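The values are calculated or read from the model by the stated rules, or taken from the named source; none is laboratory data. This one's a predicted model, so the numbers in the text were calculated from it and none came from an experiment. As a convention, Cβ positions derive from the backbone with ideal geometry for all residues, glycine included, and neighbour counts pool all protein chains shown. Protein only, heavy atoms only, side chains kept; ligands, DNA and RNA dropped before computing areas. Shrake-Rupley method; radii C 1.70, N 1.55, O 1.52, S 1.80 Å.
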There are 4 protein chains.
Amino acid sequence: MIRVAVLGASGYIGGELLRILLGHPHVEVGAAASARLAGRRVDSAHPNLRSVCDLTFTHPDDLGAHDVLFAAIPHLESMRQAEALLERGRVLIDLTADFRLPDAATFERYYGVPHEARDLLGEFVFGLPETHRKELRDADRISVPGCMATAAILALHPAAEAGLLEPAVSVDARTGSSGSGRSSGLADSHSERSGALRVFAPSGHRHEAEITQETGLDVTMSATGIEAVRGVQVLCRGRLRGPVDEARLRETYRRCYGDEPFTRVVARRRGAYRLPEPKILSGSNFCDVGFVTGPVPGGGTTLHAPRNGEDGQALLVGALDNLVKGGAGNAVQCMNIRFGWPERTGLEFPGLHPI
Amino acid sequence: MIRVAVLGASGYIGGELLRILLGHPHVEVGAAASARLAGRRVDSAHPNLRSVCDLTFTHPDDLGAHDVLFAAIPHLESMRQAEALLERGRVLIDLTADFRLPDAATFERYYGVPHEARDLLGEFVFGLPETHRKELRDADRISVPGCMATAAILALHPAAEAGLLEPAVSVDARTGSSGSGRSSGLADSHSERSGALRVFAPSGHRHEAEITQETGLDVTMSATGIEAVRGVQVLCRGRLRGPVDEARLRETYRRCYGDEPFTRVVARRRGAYRLPEPKILSGSNFCDVGFVTGPVPGGGTTLHAPRNGEDGQALLVGALDNLVKGGAGNAVQCMNIRFGWPERTGLEFPGLHPI
Amino acid sequence: MIRVAVLGASGYIGGELLRILLGHPHVEVGAAASARLAGRRVDSAHPNLRSVCDLTFTHPDDLGAHDVLFAAIPHLESMRQAEALLERGRVLIDLTADFRLPDAATFERYYGVPHEARDLLGEFVFGLPETHRKELRDADRISVPGCMATAAILALHPAAEAGLLEPAVSVDARTGSSGSGRSSGLADSHSERSGALRVFAPSGHRHEAEITQETGLDVTMSATGIEAVRGVQVLCRGRLRGPVDEARLRETYRRCYGDEPFTRVVARRRGAYRLPEPKILSGSNFCDVGFVTGPVPGGGTTLHAPRNGEDGQALLVGALDNLVKGGAGNAVQCMNIRFGWPERTGLEFPGLHPI
Amino acid sequence: MIRVAVLGASGYIGGELLRILLGHPHVEVGAAASARLAGRRVDSAHPNLRSVCDLTFTHPDDLGAHDVLFAAIPHLESMRQAEALLERGRVLIDLTADFRLPDAATFERYYGVPHEARDLLGEFVFGLPETHRKELRDADRISVPGCMATAAILALHPAAEAGLLEPAVSVDARTGSSGSGRSSGLADSHSERSGALRVFAPSGHRHEAEITQETGLDVTMSATGIEAVRGVQVLCRGRLRGPVDEARLRETYRRCYGDEPFTRVVARRRGAYRLPEPKILSGSNFCDVGFVTGPVPGGGTTLHAPRNGEDGQALLVGALDNLVKGGAGNAVQCMNIRFGWPERTGLEFPGLHPI
């Protein structure tokens, strides 16, 4: 039994961390810290935890040292409080963007401010088990990737690693409203945000930098807010190098992800759920990835027709719950790896259908 | 380890039973039976179970005997197939309406057909742990109540049992679209059903009979389909008998439900989640119940004002996930009681926020 | 051609007034006033008016006199600025709650503050054409009712006026998020408000006072926020006095509303739209009202059964778009009456299906 | 006053035609034909037309000749019934896909069946006023484009015509559920379709052929069903030819669409509605088009950062209501042009906000 603490515990990622950690058999939640809500009950902010969680929020200043500290605080705060965080967590699992990009110049270009903890940049392991599992086994500083970045990296990784894709790839991301956190601007109000197809980042979304870094591809990314609270889906469009067909792609993905506990290959020929669909992933730690290339089954009922022969284009699709595999769940999976526990521990919920 | 089977496994309640039972540590799912999909993979109907469930659907005719048989088939089918069901399940947990109303005349009035297994009517225990726990401990035939009935019975039961309510009570139920099952009529299509406030049962909803039977009150019920896939909420309006105040009501509910694993009293004075809200219950086995009586906190921000003194009216509210506590989860809770396992076994998922 | 101005033009009701007035053939919009957005383009706040409206917001202090002034400002502001409003509008159409309740004591009980323009209270005509048409013809001060109150009054009025109802009536109102205006509290954010069934006013909602006043009934009201941006639906439950059947009710409603341009009787025996459904009213000035009493058609497909004979209960249902018939459209209808124009002028949009 | 008829009047496009035509000052609706519903009231299928439309459905066999016949029937039916249609409409406005692609080989490749009225293929004018206005003035046979095609063509046309784009363009379309018509398959049921991000056409969507034909670009298209009943949005990604900046693009679009009554250029630098958003277009005949190229405004609040200099990529966005500018409204606009009426006639509704 190890003792863990969550900093930024009143936010949405913080709440999801608590939900998962409270059900985890090998950890004890020592503290849920929030400056804003210190002294109030945790379930006043997270009503789903009523009767499940009896904690009150601790003030961050009162946070002692823990075996693991999860930092679910606003971007830029982790680099500013880096010293304090490292003192309080023997293992620090950071969910901000601050330590995802080891190259300070890239960080500064995408975040518009100088990095304030440059000397620590190289010490964090990128917290994506599918691509960094081995390093995570003894990592004491882990930086969990962004939600849309996780979906895109996992959708692209096997093809990119196998050299099957031309470098230029566009990523069209769709995201639910919880991705912007507990926010209360007018644009985030229900009346304005409901039913939206808001192209809030037509280019240069910050997660672009992570995808580029992890896949080695030349990524252009746009992001649209869609009608959902949870859920991310990415459509990645690229060209295959040489004579690669769908069977080859399928084999590559299955080999890469066949033993993964949380990354499923979903690339069927028909059916409403033939490709990754985030709505059935709510609450789960799965990331589903799929792809289509070349001719597709057409005909009258589906309203689409075969392409005129092989054209070399590929559409790669990824989907996940932005608060789970795109944040809290992925962080817990990293912890499980770090402590040698089975990766599924505490993350068994498979998602719901219908929902 | 006992062996269980689900009949009607391709439906929404059937899928939810599989989701829960596959994660249950004391059972093995021996068969998922569906006449329509026999031979196909279970995850073709329930995409959330990909990588979680490797079963294919069995034809009901090929279903052998099991320790527990869950019947999640259409109403009227259980009474028609009663002999077969009893042969195949040492313990039969029926999720149809067929054995909920021991009084055949009441059944026939509400369902419009003669009951075809009258001699069995008295043998089933009403599958609501909160009110029938003791009988469930050795019940071999359990009839799980309807989703809206469960919410209303649990919202009304403590007050009714304590004699705090006048008999005349109206129940206004709101329900998501999954309550009508896997259906494909035009009225259930997304374009028609989306955003609806469809008063589909302005009076005499069939669950009225169950609520009347279990609470002893004189219930009038209406039901409205609302924009949601999952979720039921009931607003029950009645009058308090004599000088009962909210504190008395609160004490009564806390005493009644204080030890219940899945029924929470949610009756706060303020906050967006002060009363039961089904959206945070998706996937969970909780039923939240709350109430308001007499003066309420008013003021400019809340747009409601104190009533002119005590008027004796009470609003009692219940909420649950219609497929879980309103169906599959409640059925599993009954099984846990019957086999002497802790009631929470397999039902730990607390629900999500935000969602 | 008369000149009109809208005060509070940056709000949701204000925007809807502009949308309607800009298409009205007999008026010219002289000014759209907003303190917050003075100097900015109107279509920056109301993107649906791009290319339709070339105005910029005027500061309220710069607002001159107009033939008609629509006040769509926050509650309590109209009574506080009453002198200024009366100077600036030869005809004042007030959309706040301030002059809806001629009885100051009732106002003060429901709004929690003393009325600051008591001497004007008796001068306003209640702006509901269906019940006050004659007085509206020469009214220079009109107070437009609340959205939920309008739906409930119109649903109850014919039965109440004909003496067909017992006095005690409960009103269960459901409302979309735009009813709380352009707001940006956390509880109104998309992540929290989406999919909600929030019983925000379990009793004593302020519109209760208007319904009581206009129908003479003894009304108890609750209000629930539902998943919608626009739309109000009320379910009113009461008892019929003596031997009143549905045919009698139907005749009463048809006689009362047969010539009304915007109040439709929707009380069919079957179909998904048999009773008033707000979603098909978005943008329209219709209020649909319907009712059900006594036995209803049952049977297997509808999941509800005949009641055991006549029980004297009646369910009366009303639906409207809260920003149109529940606000801006109703205000324009009042103006049309006041100036002797056909009531439908500028209000022809019938609503959409599907939506 | 001319007499018009709608064939396929019980469908969603048919209903929208009726809604618009019933409010059109220069036409009289002579018949609403539906084989399935012949003899029933029109408002039984289109509840928004209650009190607005007193017609009953005519059987198609009983349909006489009219000045204009709108054919809103299933794809392939217009070519099969071509003779009959031409007899019954002096002017035929066809809303099926049958006569959109003059090249029979292209038609056959995308629709998978031989064209059965090849000799008529060249006689239809492509019904897009923005690009074919002049030919529409005396066209007696008009083929209205597909909903997603209309959005994409209008988003791409000015840049394509001015030679500003490299040929290879990808179109990522998002569409509401009404685009598949009144359908009642399981996959279209509310429980399955609600909240979906369903990549139903990962490549080769049929509208691809129309976009390619009308823009001369080499288009690759995917389509995703999103949570909405109405609404289409397309994201078109391409590369600019040579040194084209956003100002040049802006000038090109403004010049091209400056006088268009229904195509608005929406390409602002900030705000929730900076780019085309379909939700505010419901019921309106507007198509909004916008674009972003090169560096975008970044900074902490918007979560996206400047690209590393000009990279030549452009994102072009289009949005419309699939049943209006994507179907019925566009058809009426074509009729207005054909008969010399102001194009806005009958199409004045500007859309709603919020919604």
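Rounded to the nearest 20 debye, what is the charge dipole size of the range C:69-173 about its Cα centre when +1 sits on each Lys and Arg Cβ and -1 on each Asp and Glu Cβ? Can you show the working numbers first?
Numbers: 10 positive and 17 negative charges, 41 e Å.
The calculated dipole for the range C:69-173 is roughly 200 debye.
If the only charges are +1 at each Lys and Arg Cβ and -1 at each Asp and Glu Cβ, what is the size of the charge dipole of the protein assembly as shown around the Cα centre, to the nearest 20 debye?
Working: 156 positive and 172 negative charges, 1 e Å.
With Lys and Arg at +1 and Asp and Glu at -1, about 0 debye.
Per the Kirkwood definition applied to all pairs of different Cα atoms, how many angstroms is the hydrodynamic radius of chain B? Each step should come with its number before you reach the end.
Working: mean 1/r = 0.0480 Å⁻¹.
Over chain B, the inverse of the mean reciprocal pair distance is 20.8 Å.
Testing the spin-label approximation: label points 7 Å from Cα along Cα→Cβ at C:Asp119 and D:Met1. State their distance in nm.
For the pair C:Asp119/D:Met1, the computed spacing is 5.6 nm.
Per residue of C:106-114, count partner chain C-beta atoms within 10 Å of its C-beta, then hand back the mean as an integer.
Details: counts 2, 1, 1, 5, 7, 5, 5, 2, 0.
Whole-number average of other-chain Cβ neighbours for C:106-114 is 3.
For C:Ala105 and D:Ser44, FRET efficiency with R0 = 56 Å and r from the beta-carbon atoms, rounded to 0.05? Spell out each step's value before the answer.
Values: r = 49 Å, r/R0 = 0.87.
After rounding to 0.05, the efficiency reads 0.70.
Computing the accessible area with a 1.4 Å probe over protein heavy atoms, can you report the carbon and sulfur percentage for chain D?
Working: 5330 of 11150 Å².
Of the solvent-accessible surface of chain D, carbon and sulfur hold 48 percent.
Give me the dipole magnitude in Debye, nearest 20, for chain A about the Cα centre, with unit charges on the beta carbon: positive for Lys and Arg, negative for Asp and Glu. Numbers along the way, then the final one.
Values: 39 positive and 43 negative charges, 215 e Å.
My answer is approximately 1040 debye.
Between chains D and A, what is the buried accessible area in Å², counting both sides, with a 1.4 Å probe and ligands, DNA and RNA left out, to the nearest 100? Don't skip to the end; give the middle numbers.
Values: alone 15590 and 15610 Å², together 26380 Å².
That pair hides around 4800 Å² of surface in total.
May I ask you to give the average projected area over all directions of the convex hull of the Cα atoms of the protein assembly as shown, in nm² rounded to one decimal?
Numbers: hull surface 194.8 nm².
Mean shadow area of the hull around the Cα atoms is 48.7 nm².
If you average the sequence gap of Cα pairs under 8 Å that are 6 or more apart and divide by the length of the range B:1-158, what percent do you get for the contact order?
Values: 281 pairs, mean separation 28.0, N = 158.
Computed value for the range B:1-158: 18 percent relative contact order.
So, taking all protein chains as they sit and a 1.4 Å probe, how much accessible area belongs to A:Met79, in Å² rounded to tens?
Rounded to the nearest 10, that gives 10 Å².
Work from the charge dipole of the range B:148-320 (Cβ charges, +1 for Lys and Arg, -1 for Asp and Glu, about the Cα centre) and give the residue of B:Gly185, B:Tyr273, B:Gly216 farthest towards its positive end.
Value computed over the given set: B:Tyr273.
What residue among C:Ile355, C:Tyr12, C:Ser282 has its Cα farthest toward the positive end of the dipole of chain C, where the charges are +1 on Lys, Arg and -1 on Asp, Glu, each on the Cβ?
C:Ile355
Strictly over 22 Å apart at the Cα level, which of C:Lys134/C:Lys325; C:Lys325/D:Lys325; A:Lys325/B:Lys325 would you flag in this model?
Values: C:Lys134/C:Lys325 19 Å; C:Lys325/D:Lys325 27 Å; A:Lys325/B:Lys325 27 Å.
C:Lys325/D:Lys325; A:Lys325/B:Lys325, as the Cα separations exceed 22 Å there.
What FRET efficiency would be calculated for the residue pair A:Asp62, C:Ser184, taking the C-beta separation as r and a Förster radius of 30 Å, to the nearest 0.05?
Values: r = 31 Å, r/R0 = 1.04.
That gives a FRET efficiency of 0.45.
I'd like the distance separating the alpha-carbon centroids of the range B:66-91 and the range C:204-254, in whole Å.
Their Cα centres are 44 Å away from one another.
If we count trypsin sites (Lys or Arg not before Pro) as exposed when they sit in a DSSP loop and have at most 16 other beta carbons within 10 Å, what is the longest stretch of chain B that avoids them all? Could the numbers behind the result be given before it?
Values: sites that count: B:Arg36, B:Arg40, B:Arg137, B:Arg241, B:Arg268, B:Arg269, B:Arg270, B:Arg344.
Longest stretch, sites excluded: B:138-240.
Along the charge dipole of the range C:41-167, which of C:Ala155, C:His59, C:Phe107 sits closest to the positive end, that is, farthest toward it, with unit charges on the beta carbon of Lys, Arg, Asp and Glu (+1, +1, -1, -1)?
The residue sitting most towards the positive pole is C:Ala155.
Work the Kirkwood hydrodynamic radius out for the range C:2-123: mean of 1/r over every pair of different alpha-carbon atoms, inverted, in Å. Provide the component values of the computation, followed by the final result.
Values: mean 1/r = 0.0675 Å⁻¹.
Radius from the Kirkwood sum: 14.8 Å.
Other chains near D:282-293: what is the mean number of their Cβ atoms within 10 Å of each residue's Cβ?
On the way: counts 6, 9, 3, 0, 4, 0, 3, 0, 2, 1, 6, 2.
Per residue, the number of nearby Cβ atoms from other chains is 3 on average.
Just B:Tyr110, B:Tyr253, B:Tyr12 to compare: in a GNM of chain B, with alpha carbon springs under 10 Å, which one fluctuates most?
B:Tyr110
Can you compute the helix-only [θ] at 222 nm over chain D? Use -39500 (n - 2.57) per DSSP H run of at least 4 residues, normalise by all residues, nearest 500 deg cm²/dmol.
Details: 11 runs with 93 residues, N = 355.
That calculation yields -7000 deg cm²/dmol at 222 nm.
Tell me, for the rotation carrying D onto A, which chain D residue has the beta-carbon closest to the axis and what that distance is in whole Å.
Minimum Cβ distance to the axis, with residue: D:Glu227, 2.
Any aspartates and glutamates with Cα under 13 Å of the D:Lys279 Cα? List them, leaving off those in the same chain fewer than 8 positions away.
Leaving aside aspartates and glutamates fewer than 8 places away in the same chain, those within reach of D:Lys279 are A:Glu192, A:Glu227, D:Glu227, D:Asp288, D:Asp321.
Quick query: amide H of C:Ala228 versus all other amide H atoms, modeled in the peptide plane; which residues come in under 5 Å with a sequence gap of 5 or more or a different chain?
Those lying under 5 Å, H to H, from C:Ala228 are C:Ser177.
In Å², and per residue, what accessible area does the range C:2-123 have when probed at 1.4 Å with the other protein chains present?
Details: 4550 Å² over 122 residues.
Per-residue accessible area for the range C:2-123 comes out at 37 Å².
With a/c under 1.5 counting as rounded, go ahead and sort the range D:148-320 into rounded, prolate or oblate using the C-alpha gyration tensor (a ≥ b ≥ c being the square roots of the eigenvalues; past the cut-off, prolate if a/b is larger than b/c, else oblate).
Numbers: a/c = 1.70, a/b = 1.49, b/c = 1.14.
Here the range D:148-320 falls in the prolate category.
Shielding by partners for B:37-49, please: the mean number of other protein chain Cβ atoms within 10 Å of each residue's Cβ. Each step should come with its number before you reach the end.
Details: counts 0, 0, 0, 0, 0, 0, 2, 3, 4, 6, 16, 16, 4.
Per residue, the average neighbour count from other chains is 4.
If you put a point 7 Å past Cα along the Cβ direction, how far is that point for C:Pro102 from the same point in each other copy, in nm, smallest first?
Copy-to-copy label distances for C:Pro102: 6.0, 7.2, 8.0 nm.
Under a no-solvent Debye model with one identical scatterer per Cα of the range C:174-266, what's log10 I(q)/I(0) at q = 0.11, 0.15 Å⁻¹?
Computed log10 I(q)/I(0) values: -0.47, -0.79.
Once you keep just the Cα pairs under 8 angstrom separated by 6 or more residues, what percentage relative contact order results for chain A?
Values: 791 pairs, mean separation 59.4, N = 355.
17 percent.
I need the shape label for the range D:102-163. Rule: rounded when a/c is under 1.5, else prolate if a/b > b/c, else oblate, with a, b, c from the alpha carbon gyration tensor.
Working: a/c = 2.30, a/b = 1.34, b/c = 1.71.
Here the range D:102-163 falls in the oblate category.
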